[in-house]
1. Within the group Gln39, Gln46, Gln22, which residue is exposed (fewer than 11 other Cβ atoms within 10 Å of the Cβ), under 19 Å from the mean Cα position of the chain (by Cα) and at pLDDT 90 or above?
2. Pick out the one residue from Phe64, Phe95 that is of a type in the set (Phe, Trp, Tyr) and at pLDDT below 90.
Amino acid sequence: MTKALSERIALFTDKHKNTGKQFLPVFIALKSDIEQALQDGWTVHQVWITLHDEGKIKCSYQWFRTLVNRHIADDSKQRLRTVPGKSATTDQDGFRFNSATEKEELI
């Protein structure tokens, strides 16, 4: 008799617990080199291929890309983040839509 799906999922998660976290210490150790390579204009894929071929990184490209997105902040992403308690639309010089038409502007 086969086990119920819940039992099989519990066994699977016990066996494969923290599989993604095993790559984090190596990534953090190489973080400054990865940041420098990205600032020099190399793509994330080129950095991963080089580190993977050298045997320094064993994770998949998708997981490497996830680590880069989580731990290496891009300047454009930092600018988009808002401070808690403040709204993102505090810019007074931005575009404002006025749905009421004024007759002076139409003439």
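The values are calculated or read from the model by the stated rules, or taken from the named source; none is laboratory data. Keep in mind it's a predicted model, so treat the numbers as computed, not measured. In this analysis, Cβ positions are derived from the backbone assuming ideal geometry, glycine residues included, and neighbour counts consider all displayed protein chains.
1. Values: Gln46 fails: exposed (fewer than 11 other Cβ atoms within 10 Å of the Cβ); Gln22 fails: at pLDDT 90 or above.
Going through Gln39, Gln46, Gln22 in turn, the sole match is Gln39.
2. Working: Phe64 fails: at pLDDT below 90.
Of the residues listed, the single one that is of a type in the set (Phe, Trp, Tyr) and at pLDDT below 90 is Phe95.
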